[in-house]
Every structure is written in structure tokens, then in C-alpha cells.
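Enquirer: Sharing a structure below in C-alpha cells format, with a few things to ask.
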Ligand SMILES: NC(=O)c1ccc[n+]([C@@H]2O[C@H](COP(=O)([O-])OP(=O)(O)OC[C@H]3O[C@@H](n4cnc5c(N)ncnc54)[C@H](OP(=O)(O)O)[C@@H]3O)[C@@H](O)[C@H]2O)c1
């Protein structure tokens with residue numbers, strides 16, 4: 001999963017190493033570091049934003065504990081855990097074609113989670129509509145999920161509407 | 001510049017009125033003096049070698065009569081004969097679209113080119129069925145061929161890409177290309193009303209045809225996508241290459257769910273190498289393609305300019321005459337006639 005944290009570092013040499021060493025050691029992959037010098041705190045600390053990919057929640061907690069031990073203050077865990085979000089709409093006999101099964105099959109893809117679902121029923125016997133948000137930990141698994149949902153929609157005769165946003 | 005109008009319906013009449021109203025403007029600003037030397041439809045032709053006087057022309061256009069009923073007209077199926085024999089520079093082909101056979105427009109255009117006349121058309125049929133063939137015929141005959149009005153009504157997307165963006169390679173085209181479906185989806189969203197009801201309203205208002213299938217099942221959008229693909233992506237695409245889904249299944253609930261997530265549902269035609277598709281898509285509100293009502297919009301993805309979008313009125317006689325007239329002025333500048 002991809003994580004964004006903001007920590008406050010003292011403006012002395014060696015601080016950054018202290019912060020990123022545990023990320024590397026725990027198998028994380030750093031994707032971006034940004035010093036926010038213009039936002040220096042009254043005590044002279046510098047906020048640093050760090051974006052990295054890490055295995056799972058458990059490893060992240062381990063990392064946060066290590067940072068704390070190193071005396072590094074993490075002030076934000078950027079929107080906690082970010083991922084690639086895709087919003088889709090489904091129209092058809094959503095419930096009768098086993099919505100639970102649809103969700104399970106998506107959740108079955110590694111790194112993919114149906115993170116939000118809103119259902120709007122229409123008159124009895126008519127098509128209902130649903131909005132489904134699929135969160136994935138990478139672009140690749142997100143595309144896989146959409147592909148799967150397309151297959152499922154064809155099997156279950158549902159109309160799938162994807163968004164131009166985030167489409168390649 | 002001597003013109004033959006083939007088809008005297010909404011667009012033929014609309015163009016006639018525009019030409020008359022803009023006579024001074026065209027002469028002063030563009031140095032263009034258009035003379036309509038023949039008007040012809042399926043059952044009659046009116047020929048006037050000196051050019052039909054514009055006051056008379058406007059009266060005829062406003063009368064709404066078929067050509068055979070106009071004073072001085074000849075009766076009979078003499079379209080091809082007229083195109084061939086009347087001395088003219090440009091044939092404006094403005095007959096009804098048939099996306100399966102391309103006729104009658106396809107035949108008219110071929111006859112015109114073969115008799116060494118330049119062609120301007122608003123008719124999608126011939127372009128969808130025989131784009132390559134017509135393009136080649138125009139080249140071998142040494143005549144000009146323009147079809148700005150066939151896609152997007154007033155929106156000059158084809159000429160924009162070909163002229164002003166000529167240094168770019170167009171990589172992808174996305175468009176909301178059908179005013180009727182866009183109107184229906186917009187109204188469904190505003191009123192929370194179901195598809196059938198809004199379609200009926202659109203038909204009563206003349207916004208949708210009695211047989212609305214071409215529009216709502218996505219064929220009209222697909223036809224326009226095929227034209228854009230051929231002309232801007234240089235891919236020899238046919239209608240059968242397009243994966244098509246229309247808007248019949250869209251519910252007002254779906255539109256609301258999308259809107260709550262900051263998106264609108266639009267019928268989008270999308271084309272790039274290896275992919276031609278017409279389907280309902282969510283478009284983030286505020287993006288150029290999220291146009292409402294009967295508006296059309298096109299976004300081009302380009303190698304240099306990255307993205308260019310253009311929006312406007314996709315139909316209507318006056319609006320579309322903007323494109324027809326644009327083509328006419330372009331020919332005037334190219335040919336000097
Ligand atoms: N209206 C728009 O806003 C718009 C915008 C862009 C493109 N277009 C396209 O432009 C074309 C013209 O549209 P429109 O709205 O003007 O259509 P329209 O009102 O139906 O007019 C078509 C004209 O063509 C004539 N015609 C029919 N069959 C013919 C034949 N075999 N030979 C000669 N003439 C024939 C009709 O005569 P009769 O009345 O005797 O049948 C009529 O005068 C269509 O292809 C349309 O798809 C229209």
C-alpha cells in the first residue's frame with residue numbers, strides 16, 4: 001500500500017537518514033521526499049513529506065513505532081492510506097444477480113477493495129442503480145479490478161459505466 | 001463562385017438564408033460572391049444560370065416548399081443530370097443521412113467529383129460508408145472535398161485539427177457528439193424523470209426523431225466517430241469496428257449517484273489506435289466534456305499541445321451553416337473562385 005506521512009525534523013544533519021532508514025529496512029520503497037521549508041515551525045523544525053510503498057498495515061505500524069523511538073514526530077499520516085480510487089456505476093438487476101458475489105469477486109483480487117457502495121432501488125421489477133468505489137493499492141490492480149468488473153457485468157447483464165477520470 | 005445545392009431541407013434552406021443575409025459581409029470581408037445556380041431535390045430542380053436572386057431565394061427557403069413546387073422549377077428525378085450538366089464550381093450535398101448505404105449522398109458526391117466539381121457535404125452517410133474511396137476519388141479528380149458540417153454541427157473540430165493544429169499528431173479523440181442524447185441525459189438529471197418520459201418530451205419538442213434509435217442507441221455518435229477517426233487519426237475505420245452501447249438503460253438514479261460523486265453521465269465516443277467505442281461514461285463535472293443540454297464537445301489528445309477541447313452547438317440550420325460557410329470560404333481562398 002501507498003502511504004504519505006508528514007514528519008517534523010530538526011534542522012540538523014543526519015535527521016533525514018534517521019527517518020528514512022527504517023522505511024528501507026522494513027522493505028518499503030520511497031517514492032517521494034519533500035521538504036516544506038517555507039512551513040518551518042516556531043521551534044525551528046522542518047516538515048518533511050514522505051511518500052512510500054509498504055507491504056501492509058502491520059509493517060506500517062512497526063515503522064511508525066520505530067520512528068517514534070528515533071525521536072521523530074509524525075504529525076500527519078496523509079489521509080491515512082491512499083490508493084487508486086475508481087468510481088463506477090452499475091445498472092440492472094444488481095441484487096438479483098447477487099451483489100455479494102460481485103463484491104467478493106472484486107475483493108478477491110490482491111490489493112483490491114470495494115470501499116464504498118450506494119444502491120438506489122427503482123420501481124419493483126425495474127433496473128436498480130449502484131455506485132461502487134473500488135480502491136486498489138496500485139494502478140495495475142486497479143485496472144485488473146475494472147477488467148474483472150467488466151466481465152462480471154457482461155455475465156450478469158449489467159450496464160457498467162466507468163469514469164473518464166483515471167482512464168488511460 | 002457557382003454553387004449547386006443538392007437537398008433543400010433544413011440545412012439547404014438555412015444555408016440559402018445565411019448566404020443572402022451575409023451577401024455584403026461575404027463580398028467585403030472575404031471577396032466571395034456566391035451564386036446559387038441550381039437547387040435540386042429528389043423530385044425537382046430549379047436552375048438559373050445567372051444565379052438565383054437572393055431575395056427570391058430567401059422567399060423560397062421560407063416557403064418550405066419542395067423544389068418542384070417553386071416557380072420556374074422542372075419536375076422529375078434529375079439530380080444526377082443537374083449535378084453533371086449545370087456549370088458550377090461547388091456541389092453542396094445536403095440530403096438525408098443513411099449510415100448503412102451512404103445513399104443517395106454517396107452517388108451524388110461521386111457524380112459531382114467525376115464531373116470535376118468540388119464538394120462540400122454535411123451528410124455523414126457517404127463518409128461513414130466510403131471515406132477512403134471518396135478521399136481517393138477527390139484526389140484523382142483534382143477536386144476539393146470538405147465535410148466540416150458532418151460532425152459537431154457548428155464546431156469546427158476537423159478544420160481545427162487539420163489546420164491550426166497541423167503540426168500535431170492526434171493520438172486520441174473523445175467527444176460528446178450527439179445533442180439529442182445529451183439533452184435527454186441532462187433533462188433526466190434535472191427532473192429525476194425516467195428515460196422513456198424524457199424521450200417523449202424530447203420528441204414533442206422536436207429534439208428527437210420519431211424513430212430515435214439512431215441517436216439513443218449510439219449509432220449517430222458512432223458515425224461521427226468514424227468520420228473523425230478517418231480524417232484525424234488516419235485510420236481506415238468503418239462503423240462495424242465501433243463497439244456501441246446507447247443510453248436506453250440509464251436511470252435517473254444512476255445520474256444522481258454519479259452527480260453525488262462529482263460526475264455527469266454522458267454518451268461518449270472515444271477513438272484511438274485499436275479502440276473505437278461509444279458508451280455512456282462518467283465525466284467529472286467541470287471537465288470540458290461535461291457539457292449540458294444539446295451542446296456537443298470534443299477533446300483531442302495531441303503529441304505537442306497535449307489536450308485541446310472545443311464546445312458548441314452540434315446542430316441547427318443556422319449553427320450548421322457556420323460550418324458550411326466556413327468550408328465555402330476555405331474553398332474560395334484555396335481556389336480563388
Ligand atoms: N439539421 C442539422 O442541424 C444537421 C447538422 C449537421 C448535419 N446534418 C446532416 O445534413 C443533412 C441534411 O440535413 P437536413 O436537416 O437539412 O435534412 P432534411 O431537412 O431532411 O433535408 C434533406 C433534403 O434532401 C432532399 N432529398 C431527399 N432525398 C433526396 C434525393 N434522393 N435526391 C435529392 N434530394 C433528396 C429532401 O427532399 P424532400 O423533402 O423532397 O425529401 C430535402 O430537401 C443530413 O444528412 C443530416 O444528417 C444536419
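Enquirer: Inspect all residues belonging to the stretch B:128-137 and state whether any of them is free of Cβ contacts under 8 Å to residues at least 40 places away in the same chain, surrounded by 18 or more Cβ atoms within 10 Å (Cβ to Cβ), assigned to a loop (DSSP other than H, G, I, E, B) and away from the ligand (no atom under 13 Å from the Cβ).
Expert: no
Enquirer: Continuing with this model, one more query. Name the residues in the stretch B:286-300 that are in a loop (DSSP other than H, G, I, E, B), within 11 Å of another protein chain (Cβ to nearest Cβ) and touching a strand residue (DSSP E or B) at 6+ places or on another chain (Cβ under 7 Å), would you?
Expert: Once the filter is applied, which keeps residues that are in a loop (DSSP other than H, G, I, E, B), within 11 Å of another protein chain (Cβ to nearest Cβ) and touching a strand residue (DSSP E or B) at 6+ places or on another chain (Cβ under 7 Å), the stretch B:286-300 yields B:288, B:289, B:290.
Enquirer: Given the criteria more than 19 Å from residue A:87 (Cα to Cα), more than 9 Å from chain A (Cβ to nearest Cβ) and under 18 Å from the mean Cα position of the chain (by Cα), does residue B:275 qualify?
Expert: So residue B:275 does not fit the description; no.
Enquirer: Condition first: over 24 Å from residue A:110 (Cα atoms), assigned to a loop (DSSP other than H, G, I, E, B) and touching a strand residue (DSSP E or B) at 6+ places or on another chain (Cβ under 8 Å). Now tell me which residues in the stretch A:1-39 satisfy that.
Expert: If the condition is that a residue be over 24 Å from residue A:110 (Cα atoms), assigned to a loop (DSSP other than H, G, I, E, B) and touching a strand residue (DSSP E or B) at 6+ places or on another chain (Cβ under 8 Å), then A:11, A:36 are the ones that fit.
Enquirer: Now a separate question. What about residue A:150, is it under 11 Å from the mean Cα position of the chain (by Cα) and surrounded by fewer than 20 Cβ atoms within 10 Å (Cβ to Cβ)?
Expert: The answer is no for residue A:150.
Enquirer: Next question. Tell me which residues, restricted to the stretch A:103-131, are in contact (Cβ under 8 Å) with a residue 12 or more places away in the chain and within 26 Å of residue A:54 (Cα to Cα).
Expert: Correct list: A:103, A:105, A:106, A:109, A:110, A:111, A:112, A:113, A:114, A:115, A:116.
Enquirer: Of the residues B:264, B:258, only one is part of a helix (DSSP H, G or I) and within 12 Å of another protein chain (Cβ to nearest Cβ); which?
Expert: Going through B:264, B:258 in turn, the sole match is B:258.
Enquirer: OK, next. Quick one: how many residues across the stretch B:54-68 are in contact with a helix residue (DSSP H, G or I) (Cβ under 9 Å, 6 or more places away or on another chain) and more than 10 Å from the ligand (Cβ to nearest atom)?
Expert: Adding up the residues that qualify gives 8.
Enquirer: Can you say whether residue B:283 is more than 7 Å from chain A (Cβ to nearest Cβ), modelled with pLDDT of 95 or more and buried (at least 20 other Cβ atoms within 10 Å of the Cβ), as far as the supplied structure shows?
Expert: For residue B:283, the condition - more than 7 Å from chain A (Cβ to nearest Cβ), modelled with pLDDT of 95 or more and buried (at least 20 other Cβ atoms within 10 Å of the Cβ) - is not met.
Enquirer: May I ask you to list the residues in the stretch B:308-323 that are near the ligand (Cβ under 9 Å from one of its atoms) and in contact with a strand residue (DSSP E or B) (Cβ under 6 Å, 6 or more places away or on another chain)?
Expert: B:314, B:319
Enquirer: Further, regarding this structure: Can you pull out the residues in the stretch B:89-112 that are more than 11 Å from the ligand (Cβ to nearest atom) and either within 14 Å of chain A (Cβ to nearest Cβ) or buried (at least 24 other Cβ atoms within 10 Å of the Cβ) (or both)?
Expert: B:90, B:91, B:109, B:112
Enquirer: Out of all the residues in the stretch B:47-62, which are over 24 Å from the mean Cα position of the chain (by Cα) and either surrounded by fewer than 17 Cβ atoms within 10 Å (Cβ to Cβ) or under 14 Å from residue B:13 (Cα atoms) (or both)?
Expert: Passing the criteria: B:48, B:49, B:50, B:51, B:52, B:53, B:54, B:55, B:56, B:59.
The values are calculated or read from the model by the stated rules, or taken from the named source; none is laboratory data. Source: prediction; values computed, not measured. Neighbour counts are summed over all protein chains in view; Cβ atoms, including those assigned to glycine, are modelled from backbone coordinates with ideal geometry.
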